[in-house]
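Asks: Handing you this structure, nothing more for now.
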Amino acid sequence: MKKLLLTLVLMLPMMANAYDAKIDGIYYNFAGNEAEVTRQVGLHGGIVSYTGFVDIPETVTWNSKTYTVTSVGSYAFNQCTGLTSVTIPNSVTSIGNYAFAYCYSLTSVTIPNSVTLIGNSAFQSCYALTSVTIPNSVTSIAGGAFNGCSGLTSITIPNSVTSIGPHAFSSCI
């Protein structure tokens, strides 16, 4: 039992920082030459809460190596209630599950033409989001993607979208 407890205590720092780097206030994980925007979890389970405007760069440099930002990972901005606007670069091809869910103040998001997939509940309960234009590159909108976006009054969905998951626009009154 003491060994297990000691092992868990020693692992806490690794579990607390589930990211590779923090660059200009944004957290990333790296694989090969690619970077994914990720979520920072604090030592006691708290999360970083982005506020205002976030401009995700197309590339980031870490330890003298340049990475292309290719995805906004699952839960990356989840529950950032003070986040108002996000610009996603043309290098991003996917927006992960719950990536912006519960960002109650999010009024504006620019989804670039490079994105092909919008994940499960990616923008769930973004109440302040009023208008969304899905680019021609998107082929799939997962279930619950815009569920609960009660302020949504305008959405443009191109012919390229061949799949819309269940409840993708549920409660968008």
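The values are calculated or read from the model by the stated rules, or taken from the named source; none is laboratory data. These numbers were taken from a predicted model, which means no experiment stands behind them. So basically every Cβ, Gly included, is an ideal-geometry build from the backbone, and we count neighbours across all protein chains shown. With ligands, DNA and RNA removed, areas are computed over all heavy atoms of the protein, side chains included. Shrake-Rupley method; radii C 1.70, N 1.55, O 1.52, S 1.80 Å.
Asks: So for region 29-173: antiparallel DSSP bridges make up what percent, rounded to the nearest 5? Mind dumping the intermediate values first?
Replies: Details: 8 of 31 bridges.
Within region 29-173, antiparallel bridges account for around 25 percent of the total.
Asks: Still on this model: Please give the per residue accessible area of the chain, computed with a probe of 1.4 Å over protein heavy atoms only, in Å².
Replies: On the way: 8700 Å² over 173 residues.
For the chain, the solvent-accessible area averages 50 Å² per residue.
Asks: Which value in nm describes the separation of the simple spin-label points at Asn136 and Thr156, placed 7 Å from the Cα toward the beta carbon?
Replies: 1.2 nm
Asks: Let me ask something additional. Would you mind computing, in nm to one decimal, how far apart the modelled labels at Thr59 and Ser171 are, each placed 7 Å from Cα along Cα→Cβ?
Replies: Between Thr59 and Ser171, the simple spin-label model gives 4.2 nm.
Asks: Let me ask something additional. Which of the peptides 99-111, 145-157 is most tightly packed, and how do the rest follow, judged by the mean count of other Cβ atoms within 10 Å per residue? Working shown, then result.
Replies: Working: 99-111: 20.8, 145-157: 17.5.
Descending packing order for the listed peptides: 99-111, 145-157.
Asks: 222 nm [θ] for the chain, helices only, -39500 (n - 2.57) per DSSP H run of 4+, per residue, to 500? Mind dumping the intermediate values first?
Replies: Working: 1 runs with 15 residues, N = 173.
When only DSSP H runs of four or more count, the value is -3000 deg cm²/dmol.
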